[in-house]
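K.L.:
Pasting a structure here, questions to come.
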Amino acid sequence: MTKIGKFRDPAAERRYFAAYARAMAECPEPSALFDVETRHGTTRVYRYGGEDPPIALLPGLMATSACYAALIPALAEQHAVYAIDTLGEAGRSVQTAPFKDIRDRVSALDDVFDRLGLTSVHLVGGSTGGWHAVNQAIHAPGRIASLGLLDATTVSAPFARKVFWYGTPAAVLDSERLWRRFVTWSAGEDVFDQPAARLVLAGIRSYRARVPFQVCPDEADLKSIQVPTLALFGGRSVVHDSTAAAARLESLLPRADVEILPGAGHYLYLQPEDRELVIERLLKWVAQAALAPE
């Protein structure tokens, strides 16, 4: 990559940040916010709670910190929670140098943890955020205490073909009807009018991302992961074969805790009962990993 991500034009940027404000209004008030300087730009980080050990949240594609609004209050009761707008995508992070490859993106996030003084991070990623978390554990594991993967995509299984069958016509034609069909299909129900979903669509429409293509890590790289790993998959997820993804990850990381939530779709914590289960699993996993010998 030789270019950097940017908004299409000032009007698109204004429309996007109006949607951003509406989605972020669903989150609790942060105790602090940071624009962290890295070698590839500034990364926006929202801090919640106040106690260690720290949990860092990596969002799905174009989803920003806002996608964790439903999880932050419970997690922040016991931990310092750092919600991150992914550098190179739409959000409050601002890219200033190109990413040549995945390792550059890893370096940028490692810079964030370094500048914030975080040395033992429990890294949680949903969807594409799970892919970022895995790459961090592969290429820069020194600051990572554990991984929590929430229906992580392109880690142990590729995207389903229907992602492109539904997504490509919506993107090309930029039709509200087709986007609603895609979002409803991927979520398992019609969440198209929710602020977090509208924000993702605003990012797709308004921002030109210039990032390395999202592909599954090599088998040897996955096997190299040493940090404790919790991987939750949605039994009803349609964006990939979650059963195959879970089985392959379990075979490559035999010490990982891999679980399929049978009633959940790709957005694991969309339903209250699944949300409670995800929070319970994450908090228990972080507590166990924090006690594990280094």
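K.L.:
Assuming a ≥ b ≥ c are the square roots of the Cα gyration tensor eigenvalues, decide whether the stretch 57-214 counts as rounded (a/c under 1.5), prolate (otherwise, with a/b larger than b/c) or oblate.
P.N.:
Working: a/c = 1.80, a/b = 1.50, b/c = 1.20.
Prolate, because a/c is 1.5 or more and a/b exceeds b/c.
K.L.:
Okay, moving on. Give the total of Lys-Lys pairs in the chain with Cα-Cα distances below 25 Å; include a pair only if its members are 8 or more places apart or on different chains. All intermediate terms of the calculation are to be shown ahead of the outcome.
P.N.:
On the way: K3/K100; K6/K100; K100/K223; K223/K284.
Lysine pairs meeting the criterion: 4.
K.L.:
Follow-up. Counting only protein heavy atoms, what percent of the accessible surface of the chain is carbon or sulfur at a 1.4 Å probe? Walk me through the intermediate numbers first.
P.N.:
Numbers: 6960 of 13100 Å².
Using a 1.4 Å probe with all protein chains present, the chain comes out at 53 percent carbon and sulfur.
K.L.:
Distances over 20 Å make up what percent of all Cα-Cα pairs in the stretch 145-294?
P.N.:
Details: 6206 of 11175 pairs.
Here the tail beyond 20 Å accounts for 56 percent of pairs.
K.L.:
Once every DSSP H run of n ≥ 4 in the chain is given -39500 (n - 2.57) and the sum is divided by its residues, what mean residue ellipticity at 222 nm do you get, rounded to the nearest 500 deg cm²/dmol? Please report the intermediate quantities before stating the final value.
P.N.:
On the way: 10 runs with 119 residues, N = 294.
Here the helix-only value at 222 nm equals -12500 deg cm²/dmol.
K.L.:
Let me ask you something else. Using alpha carbon centroids, what distance separates the stretch 11-78 and the stretch 132-189, in Å?
P.N.:
One Cα centre to the other: 19 Å.
K.L.:
Same structure, new question: Stretch S251-A32 to full length: gain in nm at 0.36 nm per residue minus the Cα-Cα span?
P.N.:
On the way: separation 219, 0.36 × 219 = 78.84 nm, distance 4.04 nm.
Gain on stretching S251 to A32: 74.8 nm.
K.L.:
Work out the FRET efficiency for A25 and E219 from their Cβ-Cβ distance, taking R0 = 30 Å, and round it to the nearest 0.05.
P.N.:
Numbers: r = 43 Å, r/R0 = 1.42.
The value I calculate is 0.10.
K.L.:
State, to one decimal in nm, how far the label point of E189 lies from the label point of A244, with both points 7 Å from Cα in the Cβ direction.
P.N.:
2.8 nm
K.L.:
Counting pairwise Cα distances across the chain, what percent come out greater than 25 angstrom? Walk me through the intermediate numbers first.
P.N.:
Working: 18600 of 43071 pairs.
When every Cα pair of the chain is considered, 43 percent fall beyond 25 Å.
K.L.:
Enter the mean projected area of the convex hull around the alpha-carbon atoms of the stretch 1-146, in nm², rounded to one decimal. Don't skip to the answer; put the middle values down first.
P.N.:
Numbers: hull surface 32.1 nm².
With the hull built on Cα positions only, its mean projection is 8.0 nm².
K.L.:
Select from I55, I84, I138 the residue whose mean-square fluctuation is largest in a Gaussian network model of the chain (Cα-Cα springs shorter than 10 Å).
P.N.:
Of I55, I84, I138, the most mobile in the Gaussian network model is I138.
K.L.:
Hey, can you find the accessible area per residue of the stretch 1-139 for me, probe 1.4 Å, expressed in square angstrom?
P.N.:
Details: 5420 Å² over 139 residues.
Heavy-atom SASA per residue in the stretch 1-139 reads 39 Å².
K.L.:
Between P254, P195, P158, where does the largest GNM mean-square fluctuation fall for the chain, given springs only between Cα atoms within less than 10 Å?
P.N.:
P254
K.L.:
Over the stretch 3-48, what is the mean sequence separation of C-alpha contacts under 8 Å (at least six apart), divided by residue count, expressed as relative contact order in percent? If you can, show how the numbers build up before the last one.
P.N.:
Details: 28 pairs, mean separation 11.8, N = 46.
For the stretch 3-48, the relative contact order is 26 percent.
K.L.:
Please sort 237-245, 17-25 by packing, taking for each peptide the average over its residues of neighbouring beta carbons within 10 angstrom, highest first.
P.N.:
Numbers: 237-245: 20.2, 17-25: 17.2.
Peptide ranking by packing, descending: 237-245, 17-25.
K.L.:
On to the next question. Taking the Cα centre as origin and putting +1 on Lys and Arg beta-carbons and -1 on Asp and Glu beta-carbons, what dipole magnitude results for the stretch 145-220, to the nearest 20 debye?
P.N.:
Numbers: 9 positive and 8 negative charges, 72 e Å.
That gives the stretch 145-220 a dipole magnitude of about 340 debye.
K.L.:
Can you tell me the accessible area per residue over the stretch 190-259, all protein chains present, probe 1.4 angstrom, in square angstrom?
P.N.:
On the way: 3240 Å² over 70 residues.
Solvent-accessible surface per residue comes out at 46 Å².
K.L.:
A further question follows. What number do you get for the stretch 112-190 when its Cα radius of gyration is normalised by 2.2 N^0.38 Å, N = residues? Numbers along the way, then the final one.
P.N.:
Values: Rg = 16.6 Å, N = 79, 2.2 N^0.38 = 11.6 Å.
Against the empirical 2.2 N^0.38 Å value, I get 1.43 for the stretch 112-190.
K.L.:
Restricting to bridges with both residues inside the chain, how much of the DSSP beta-bridge set is antiparallel, in percent to the nearest 5? Walk me through the numbers on the way to the answer.
P.N.:
On the way: 15 of 37 bridges.
Antiparallel bridges: around 40 percent, rounded to the nearest 5.
K.L.:
Would you mind working out the magnitude of the charge dipole of the stretch 95-211 relative to its Cα centre, with +1 at each Lys and Arg C-beta and -1 at each Asp and Glu C-beta, to the nearest 20 Debye? Mind dumping the intermediate values first?
P.N.:
Details: 14 positive and 11 negative charges, 67 e Å.
Roughly 320 debye, rounded to the nearest 20.
K.L.:
If eta is 0.890 mPa s and T is 25 °C, what Stokes-Einstein diffusion coefficient results for the stretch 67-107, Kirkwood Rh from Cα pairs, in µm²/s?
P.N.:
The Stokes-Einstein estimate is 198 µm²/s.
K.L.:
Let me check I have the definition right: for the stretch 75-157, take the eigenvalues of the Cα gyration tensor, multiply each by 5, take square roots. What are those semi-axes in whole Å, largest first? Please list the in-between numbers first.
P.N.:
Numbers: eigenvalues 68, 53, 37 Å².
One finds semi-axes of 18, 16, 14 Å for the stretch 75-157.
The values are calculated or read from the model by the stated rules, or taken from the named source; none is laboratory data. In this text the structure is predicted, and so the values were computed from the model without any measurement. For neighbour counting, all protein chains shown are included, and Cβ atoms are generated from backbone atoms with ideal geometry for every residue, glycine included. Note: areas computed on protein heavy atoms with side chains; ligands, DNA, RNA excluded. Shrake-Rupley method; radii C 1.70, N 1.55, O 1.52, S 1.80 Å.
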